Structures are given as structure tokens and as C-alpha cells.
Amino acid sequence: SQTCWSALLGYSCCNNPTKLYKDESGIWSVENDSWCGVEFCPRCSEVEVESLDKYGYKCCTKPDTLYKDKNGLWSIEDGKWCGIE
């Protein structure tokens, strides 16, 4: 059986990725409040993510929520976290 590339980094492979993020390791999404790796990505040209000004992050221009914590909603754009207001 094949192992998902993200398993080598300690993350499961996504079952149904919707919001996407790309870094030097590969394409990511969030499922069940946990990061997961995306094996097949037919929409890779749409990959982006976001975070907040008061924490040293810019506000997102395309607010697609990838992560939620006590500080708010976050996504990624141009490979950097940004906040969603």
C-alpha cells in the first residue's frame, strides 16, 4: 500500500480537501480541525491561505477560512498567513 507524502511529516492525507494551502512541502488542507496533505490536486492553481494585523499578519484579500483559533479566522496568501476580519 502507498503512503501519503504528508505521513512522512506526521500528518494524514486529506479525504475531501476544500480549502488549500501550499508550502515547500506540498499542498495542504484542514479536515476535522487538523492539517492534512493533499495527494491529488486538480485545482492547484487556486491554492492560497491567510492571518491578522495585530499579531503581525496582514488581512486576507480573498478570505477563505482554513483555520480557526482563539485569535480569529486564518488563511494563507502568497505563502504567508493572513487574518480574516
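The values are calculated or read from the model by the stated rules, or taken from the named source; none is laboratory data. Since we're looking at a predicted model, the values are computed, not measured. Glycine gets a Cβ as well: all are built from the backbone with ideal geometry, and neighbour counts include every protein chain shown.
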Checklist entry - Across segment 32-45, what is the total count of residues that are over 20 Å from LYS80 (Cβ atoms) and modelled with pLDDT of 75 or more? => result 5
Item to check | Output for segment 70-85, where each listed residue is surrounded by fewer than 18 Cβ atoms within 10 Å (Cβ to Cβ) and either at pLDDT 75 or above or of a type in the set (A, V, I, L, M) (or both) | outcome: ASP78, GLY79, LYS80
Checklist outcome for this item: Taking segment 1-31 and the residues there that are part of a loop (DSSP other than H, G, I, E, B) and not polar (S, T, N, Q), the one that is modelled with the lowest pLDDT would be GLU24
